[in-house]
Amino acid sequence: MARPSTREKLLDCAEHLFADQGLAGVSLRSINAGAGLSPAALHYHFGSKDALVAALLDRHMPALMERRRRLFDALERSPGPVGVREVLEALLRPMVELLEQHREVGHRYLRLLYRLQVDGDLFRLFPAEKLAGGVDRLVPMLCSALPDVPLEVVKLRFALAIDVMLRSLALTPPGSDTDLDAQMQGLLDFLTGALEADCSEAAA
């Protein structure tokens, strides 16, 4: 097996540290030290912390976005009505597939995404249109599936659904024998019920 390059060592170390401590809690010096490299290594390869995080996200985000786009395309070509569960599955499945294919690597990446989400850094640094892979298409599809739920309620419930998805997947131990498909189906059961809940009494 080929030894990891200096760049990959920095990315691996930064991914662990950022997932554990958040962006604000990790200095560039600590990443260099954790990777066993000179103090100038990170600046040479990335230039800044924001550029480093962008490189981390780019490790898997393009493939996740492309897979999600294909799933949304298939839903839009569907001859019948598309339900909430199908829309949510198109959002969730690419992340589950990443874990299925590369359990440890995928787990580390999703832990990073979840920490960035919790700390408010994910969409602050990297806009939804760059990261989400069709999420701009997702809310209209949810609204079509939920004609009696106001737009602002759909957006709120969707934001909560993202948080629950990332948390559930990020906290799945990488060395466990968790049935990821069963976990996904359970998540979809829970989130579909949450999005479809009647809000008429709250609105009144």
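Mean sequence separation of contacting Cα pairs (under 8 Å, at least six apart), scaled by the length of the chain, corresponds to a relative contact order of 25 percent. Couplings 3J(HN,Hα) for segment 155-170, derived from phi with the Karplus relation 6.51 cos²θ - 1.76 cosθ + 1.60 (θ = phi - 60°), are 4, 5, 5, 5, 4, 5, 5, 4, 4, 5, 4, 5, 4, 4, 6, 5 Hz, where x marks Gly and Pro. Taking a ≥ b ≥ c as the square roots of the eigenvalues of the Cα gyration tensor, segment 50-95 is prolate, since a/c reaches 1.5 or more and a/b is larger than b/c.
Provide the per-residue ³J(HN,Hα) series for segment 27-43, in order, calculated from phi with Karplus coefficients 6.51, -1.76, 1.60 and θ = phi - 60°, each as a whole number of Hz, with x at glycine and proline positions. For segment 27-43, the Karplus-derived couplings read 8, 5, 4, 5, 5, 4, 5, x, 7, x, 10, 5, x, 8, 4, 5, 4 Hz, x marking Gly and Pro. Rounded to the nearest 10 degrees, the angle from helix 84-101 to the longest Cα principal axis of the chain is 30 degrees. Dipole check for the chain: with +1 at the C-beta of Lys and Arg, -1 at the C-beta of Asp and Glu, and the Cα centre as origin, the magnitude is about 880 Debye. Mean residue ellipticity at 222 nm, helices only, the chain: -22000 deg cm²/dmol; runs of at least 4 DSSP H residues each add -39,500 (n - 2.57), and the sum is divided by the number of residues. Counting Lys and Arg as +1 and Asp and Glu as -1 over every other residue whose Cβ lies under 15 Å from the Cβ of V26, the net charge comes to -1.
Here the relative contact order of segment 6-56, from alpha carbon pairs under 8 Å that lie six or more residues apart, stands at 37 percent. Of the residues T172, L17, L187, the one whose Cα sits farthest towards the positive end of the charge dipole of the chain is L17 (charges of +1 on Lys and Arg Cβ, -1 on Asp and Glu Cβ, taken about the Cα centre). For the chain, the longest principal axis of the alpha carbon atoms and the long axis of helix 49-58 meet at an angle near 60°. Axis angle, to the nearest 10 degrees, between helix 6-21 and the longest C-alpha principal axis of the chain: 60 degrees.
Direction-averaged shadow area of the convex hull around the Cα atoms of segment 60-203, nm²? The partial results should precede the final answer.
Working: hull surface 35.0 nm².
Value for segment 60-203: 8.8 nm².
For segment 6-56, the fraction of C-alpha pairs more than 18 angstrom apart is 12%.
Bear in mind these aren't lab numbers, they're just calculated from the coordinates by the rules spelled out. Note that this is a predicted model, so its numbers are computed, not measured. Don't worry about glycine lacking a Cβ; one is built from the backbone with ideal geometry, like all the others, and counts go over all protein chains shown.
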